[in-house]
Each structure stands twice: as structure tokens, then as C-alpha cells.
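Below is one structure, written out as C-alpha cells, with a few remarks after it.
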Amino acid sequence: MIENKYEILSPELNEISGKVVSAAFAVHKALGPGLLESVYETCLAHELEKRGLHVCRQVDVSVQYDGLIFDQGFRIDILVNNRVVIELKTVEAFQPVHEAQLMTYLKLTKNRLGLLINFNVPVIKSGIKRVIL
């Protein structure tokens, strides 16, 4: 088990992660909980771009299995600098399946860092989970 996950990531990934968290705080402070996921996605992408990051939304990712190719295996909500996967939620609470979903996205895209962000919480700090593969 890795004790300090911050040490195993490059400074660049840690910097991106910090900017994502800061942007999520800004969006949540302005809007609060209770809106549709798509609203938070649009606003978070805007905040990330304001912070100088390259943002792609609703990124189609193909999945390959045993010679089969699924062109649209899944969609990443937000991909930052082609390196950090962000999965957004507006749920009552995180469930184990949410982290498992993000772990699978990281594995299949060969990325190491993902952020699971739930905007449907009173305090955004409790709605952010950093996942490292």
C-alpha cells in the first residue's frame, strides 16, 4: 500500500489536480448543490480553461476486448491536459461503484490520476475523491 500518494505523481499532475480542486470549489461556491451534472460540467470546464488548462468534455473512449472493438465504450466527463480524468456526479453520496468506474476509466486510458467530484453536497470538500492508479 502506498502511504503518501502525492509523492508518486509528477509535479505536473499534482499541479493539475490542485487547479481542478480549486475550480470545483469556485463552481460549488457560486452555484451550490442541486443542479444537473451537465451544468456543473460546463461551469467546471470553463473554470479549468480560465486556469490555463486544456479541457475536453464528453470524450468518447473505445474499448477493446478479445478482438472486438467498441467505438463508444464509455465517455469521460472531462479530460484535462490529456492526463487527468474527471468523473462528475450529482448524487446523495459516493458509492463503491463510482470509484470502481473511475479506476476502470484510468486503466483503459492508461492515465494515472482521476478525480471523482460530487457537486450534490453541502460542502464540496466532502465531495472530492482523488484516485490514483
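Only the coordinates and a few stated rules stand behind these numbers; no lab work does. This one's a predicted model, so the numbers in the text were calculated from it and none came from an experiment. Please note: Cβ atoms are built from the backbone with ideal geometry, for glycine as well, and neighbour counts cover all protein chains shown.
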So Gln72 and His46, fully extended at 0.36 nm per residue minus their Cα-Cα distance, gain in nm 6.9 nm
In degrees rounded to 10, the 0-90 angle between helix 96-109 Cα long axis and the longest Cα principal axis of the chain is 60
What number, rounded to the nearest 500 deg cm²/dmol, is the helix-based mean residue ellipticity at 222 nm of the chain, given -39500 (n - 2.57) per DSSP H run of at least four residues and division by all its residues?
-12500 deg cm²/dmol
For Val39 and Cys56 in one chain, what is 0.36 nm times their gap in residues minus the Cα-Cα distance, to one decimal in nm?
4.6 nm
Highest-first arrangement of 91-99, 66-74, where packing means the average Cβ count within 10 Å:
91-99, 66-74
Take the alpha carbon gyration tensor of the stretch 11-87, find the square roots of its eigenvalues, order them as a ≥ b ≥ c, and report rounded if a/c is under 1.5; if not, report prolate when a/b exceeds b/c, else oblate.
oblate
Which residues does a label at Lys110 reach in the stretch 45-67, if reach means a backbone N under 18 Å from a point 7 Å past the Cα toward the Cβ?
60-67
Taking neighbour counts of Cβ atoms within 10 Å as a proxy for exposure, in what order, fewest first, do Ile117, Ile124 appear?
Ile124, Ile117
Leu31 versus Asn14, label points 7 Å from Cα toward the beta carbon: distance in nm?
3.0
Magnitude of the Cβ-charge dipole (Lys and Arg +1, Asp and Glu -1) of the chain about the Cα centre, nearest 20 debye, reported as 300
So how tilted is helix 37-50 from the main axis of the chain? Cα-based, degrees 0 to 90, rounded to 10.
80
Helix 11-31: angle to the longest alpha-carbon principal axis of the chain, degrees 0 to 90, nearest 10?
50
So the FRET efficiency between Met103 and Ser22, C-beta based with R0 = 25 Å and rounded to 0.05, is 0.55
